[in-house]
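Scroll down for the structure; my scribbles are underneath it.
The values are calculated or read from the model by the stated rules, or taken from the named source; none is laboratory data. Quick caveat: nothing in here was measured; it's all calculated off a predicted structure. Virtual Cβ from ideal backbone geometry, glycine too; neighbours counted across all protein chains shown.
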């Protein structure tokens, strides 16, 4: 059973109106300000936590998450914080023991004057093995009977004086070397999150670096991972920071495969090396991780120029069709991030959700540049469903 706890109050920061028709898919217990989805898989339970936070409430939110996870005997393995880089030291000091990677996203498009929210992933029923980058913990790997999993975050180049493309190359090389600590290969990566400082200035050059690295490592011969590529600065102003999820099946009961988008062409058609979505099918459950999705028509062109509302409408339709293609729906959402070029337009997502009767969605808001000058909105989404 997939379960969730969370608020029911519609908000421009979370978007969200509960549709009681989906109550058999998510059990909602509106007892606190957190939205928690529990996802059992192969003897382990992943806990996806989404919460609003501000500079004033950050300490309390972090304490609440820690208490909730302690009550579930779960260890936090990953965290995003959406807000200005000036909040990073305070966020670190607000956590009693930071033994997971904290990835801060300070959008290119914004002043970074506020915090908009935070997301965590925690795990129970698994022995977590730390992955270290020098003296920094950047993630954990764990085993189930049928697969090995590795979740890493806040990966960046060591030499921050290097050029953009050099830092990108260094990050991909570091991803590969860190995975070796878990006895995994680069081609075991199922999902990446790639955050580029001033992305719109060098996204084409970045794609050249990524594509060449994928060619050299045989990624195109195995499976191109799902991905989000967003213009977001980071805590120390790195040119590129990334996170990843890797899965290494031990037998045929775990399958990892790319999922096409019914309404969009493959991103490879316009020289962007990522899959529209990837599914991880394991005993008892499925995880569908949908890449960052925006208002792009089947031929690969941006549509609804200068109209955020229409871009949201098309984007959500595209995501919904991917969900339906895998026998899933909005009620199966475990976590989502909505990226807005203008965060004053975040209420338009709430407007869409209410008008279309969507269930409460655990979505965090990030103020960031999308990968094209004319894209105003993007959303990524993970969905889970019991087999």
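Which condition from (1) more than 19 Å from the chain's Cα centre (by Cα); (2) surrounded by 14 or more Cβ atoms within 10 Å (Cβ to Cβ); (3) assigned to a strand (DSSP E or B) is the one that residue 132 breaks? That leaves (2) as the condition not met.
When 139, 163 are checked against the criterion of being buried (at least 18 other Cβ atoms within 10 Å of the Cβ), out of contact with any helix residue (DSSP H, G or I) (no Cβ under 7 Å at 6 or more places or on another chain), closer than 28 Å to residue 208 by Cα and modelled with pLDDT of 95 or more, a single residue qualifies: 139.
I'm trying to understand the selection: among the residues of region 334-370, which are more than 12 Å from the chain's Cα centre (by Cα), surrounded by 24 or more Cβ atoms within 10 Å (Cβ to Cβ) and closer than 18 Å to residue 318 by Cα? Those that are more than 12 Å from the chain's Cα centre (by Cα), surrounded by 24 or more Cβ atoms within 10 Å (Cβ to Cβ) and closer than 18 Å to residue 318 by Cα: 340, 349, 361, 370. Scanning region 312-339 for residues that are touching a helix residue (DSSP H, G or I) at 6+ places or on another chain (Cβ under 8 Å) and outside any helix (DSSP H, G or I) returns 329, 338.
Restricting region 170-197 to residues that are surrounded by 14 or more Cβ atoms within 10 Å (Cβ to Cβ) and farther than 17 Å from residue 243 by Cβ, the residue that is farthest from the chain's Cα centre (by Cα) is 185. Filtering 303, 384, 370 for residues that are under 30 Å from residue 148 (Cβ atoms) and touching a helix residue (DSSP H, G or I) at 6+ places or on another chain (Cβ under 9 Å) leaves a single hit, 384.
Contact annotation: residue pairs with Cβ atoms under 9 Å, 6 or more positions apart or on different chains, pairing a residue in region 350-378 that is in contact (Cβ under 8 Å) with a residue 40 or more places away in the chain and on the phi > 0 side of the Ramachandran plot with a partner that is part of a loop (DSSP other than H, G, I, E, B) and surrounded by fewer than 24 Cβ atoms within 10 Å (Cβ to Cβ), are 357/17; 357/19.
Name the residues in region 227-238 that are modelled with pLDDT of 95 or more and either within 9 Å of residue 155 (Cβ to Cβ) or in contact with a helix residue (DSSP H, G or I) (Cβ under 9 Å, 6 or more places away or on another chain) (or both), would you? Outline the logic, then answer.
Here is the first cut: in region 227-238, the ones modelled with pLDDT of 95 or more are 227-228.
The one that is modelled with pLDDT of 95 or more and either within 9 Å of residue 155 (Cβ to Cβ) or in contact with a helix residue (DSSP H, G or I) (Cβ under 9 Å, 6 or more places away or on another chain) (or both): 227.
Within region 79-109, being under 25 Å from residue 378 (Cβ atoms), touching a helix residue (DSSP H, G or I) at 6+ places or on another chain (Cβ under 7 Å) and part of a helix (DSSP H, G or I) holds for one residue alone: 91. Residues that are in contact (Cβ under 8 Å) with a residue 60 or more places away in the chain, surrounded by fewer than 21 Cβ atoms within 10 Å (Cβ to Cβ) and under 21 Å from residue 64 (Cβ atoms) within region 76-101 comprise just one, 88. Only one entry of 267, 235 meets the criterion of being within 19 Å of the chain's Cα centre (by Cα), farther than 16 Å from residue 106 by Cβ and in contact (Cβ under 8 Å) with a residue 24 or more places away in the chain, and that entry is 267. Of the residues making up region 115-129, just one is part of a strand (DSSP E or B) and at positive phi, namely 117.
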